[in-house]
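Read through the structure below, which is laid out as C-alpha cells, and then see the notes.
The values are calculated or read from the model by the stated rules, or taken from the named source; none is laboratory data. What you see is a predicted model; the values in this text were computed from it and never measured. Positions of Cβ are generated from backbone atoms using ideal geometry, with glycine treated the same way; all protein chains shown enter the neighbour counts. Areas reflect the complete protein model, heavy atoms only, side chains present, ligands, DNA and RNA absent. Shrake-Rupley method; radii C 1.70, N 1.55, O 1.52, S 1.80 Å.
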Amino acid sequence: MLVVDDDPFIQQMAQALLERDGRRVSVAATGAAALARMAEPAPELVLLDLGLPDISGLEVLRHFRAASAWQQVRILVFTASHETENIVRAKQAGASGYVCKPVKPDTLADMVCDLLDQPSLTWVDDYTRAHRPI
C-alpha cells in the first residue's frame, strides 16, 4: 500500500492503521515521490491527498491511471478538500473513492478493508449509504 500525504501525522496514522493488519505500507510526502514509485510494482491500494506541495494530487491520480500496471489499483482520495468540484474531478480521473479529513481511524480502516474486498471499485458515497445506521 502507498500513502501519499505531506502531513507527517497523517502519514504515521495511516501507516500504523494499515500495518496493524499485516500490510506493507510505504509513504510518499510529495507528488514527485509518489510518481517515482510507479517504477516499482503497483500496490493494491493508494491513499492519496490532493493538497501536495509540488504536484496536485489530481495530477498524480491521472498519471497513476494512465499507467496500465496501475489501472486496477484502488485509489482512495483522502483529503481535507470538501469542495464538490474536487470530488467530481477525482471521480472523473479514476479515484476509487473520496473521503474528507478528518475521519476516525477505525472508519478509515473499515473503508479500506471494504474497498479491498470489492470485486469492482466502490465510490465512497456508495459506502456511506450502505453503512448508514438505520
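Whose amide H sits under 5 Å from the amide H of V99, counting only residues 5 or more places off or on another chain, with H placed in the peptide plane?
Close amide H contacts, sequence-distant or interchain: V77, F78, T79.
Give the peptides 52-60, 105-113 in descending order of average Cβ contacts within 10 Å, highest first.
Taking the mean over residues of other Cβ atoms within 10 Å, the ranking is 52-60, 105-113.
What ranking, highest mean first, results for peptides 11-17, 74-80 when packing means the other Cβ atoms within 10 Å averaged over each residue?
The packing order, highest mean first, is 74-80, 11-17.
With +1 on each Lys and Arg Cβ and -1 on each Asp and Glu Cβ, how big is the dipole of the stretch 7-107 about its Cα centre, in debye rounded to the nearest 20?
Approximately 220 debye in magnitude.
How big, in percent, is the set of alpha carbon pairs in the chain lying more than 22 Å apart? Please report the intermediate quantities before stating the final value.
Details: 2577 of 8911 pairs.
Tail fraction, whole percent: 29.
Name the residues whose placed amide hydrogens come within less than 5 Å of the amide hydrogen of V27, ignoring near sequence neighbours (fewer than 5 apart) on the same chain.
Amide H neighbours of V27: V3.
Any chance you could check the Cα centroid distance between the stretch 1-31 and the stretch 38-53 for me, in angstrom?
Value for the Cα centre distance between the two parts: 10 Å.
Using a probe radius of 1.4 Å on heavy atoms only, what accessible surface per residue do you get for the stretch 25-121? Whole Å² is fine.
Per-residue value: 48 Å².
Round to a whole number: what % of the accessible area of the stretch 1-128 belongs to carbon and sulfur, probe 1.4 Å?
51 percent
Considering amide H positions built from the backbone, and no H for Pro or chain starts, which residues 5 or more places from I55, or on another chain, come under 5 Å of its amide H?
G31, A32
Mean-square fluctuation check for the chain, GNM, Cα pairs under 10 Å: which of S68, S26, S96 is largest?
S68
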